[in-house]
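Read the structure below first, then the notes.
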Amino acid sequence: MQIKELVASLEQTDSFADFAKRHPEHYLVHIFSSASEQASPPELGYYSKETDQITVFHTNPVQELPPEPVFKETGVLKALDLDTVQIGVEDAVEKAKAYTLEGYPNQIITKTISILQQKDVPVWNMTVITAAFSMINIRIDATNGKMLGRTMTSIMSLIRE
């Protein structure tokens, strides 16, 4: 399903309509997706700068989760500009695989986590998990598919003693 259709499908549900009536100040800030054997349906996040909280919706079945504080450095989150998004989630996952193999040819991809969010432009923030317990973060411009950055860290380095 394309990004705009996914958002429209959610926003046409009775559940979302009820949410929008109760919280008209919320706006779309991210789309989260996971690509693996146990992939789950995409989740959409709606943000309120008044409360500085985000409400996430599962898309299949549609379910509103309780609002949560936002994980960010400072400021308010930008609304996701869907009109400029040209790269869908499937294309972003394929590009992340290609960029992973280009920079780290010996890595075996086991899972890809995708988050579409607004920066100066819409950006796919891709986290590629590998069989060697590495995380490769790749940022892809969602307007043209170009790689904006790529880093690799060991998952083991995240474990605190």
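Any read-out appearing in this document is the output of simple, stated calculations on the displayed coordinates, not a laboratory observation. Remember, it's a predicted structure, so these values are computed and weren't measured experimentally. Backbone-built Cβ (ideal geometry, glycine too); neighbour counts: all protein chains shown.
Miscellaneous remarks
- Mean separation of Cα contacts under 8 Å, 6 or more apart, over the residue count of the chain: relative contact order %: 17
- Burial ordering of 156, 135, 126, fewest other beta-carbon atoms within 10 Å first: 156, 135, 126
- Residues 65, 77, sorted so that the one with the fewest Cβ neighbours within 10 Å comes first: 65, 77
- Rg followed by Dmax, in Å, when segment 3-82 is reduced to its Cα trace: 12.6, 38
- Gain on full extension, evaluated as 0.36 nm per residue between residue 18 and residue 49 minus their Cα-Cα distance, stands at 9.2 nm.
- Amide hydrogen neighbours beyond the local backbone of residue 134, cut-off 5 Å, H modeled: 155
- For residue 103, the shell of other residues with beta-carbons less than 14 Å away shows a net charge of +3, using +1 for Lys and Arg and -1 for Asp and Glu.
- Efficiency of FRET from Cβ geometry, residue 56 and residue 152, R₀ 25 Å, rounded to 0.05: 0.35
- Longest DSSP-loop-exposure-free segment, chymotrypsin sites (Phe, Trp or Tyr not before Pro), the chain, at most 14 other Cβ within 10 Å: 1-70
- Rounded to the nearest whole angstrom, the semi-axes of the ellipsoid equivalent to the chain, taken from the Cα gyration tensor as √(5λ), stand at 28, 17, 16, largest first.
- Applying 1/(1 + (r/R0)^6) with r as the Cβ-Cβ distance of residue 108 and residue 40 and R0 = 25 angstrom yields a FRET efficiency of 0.70.
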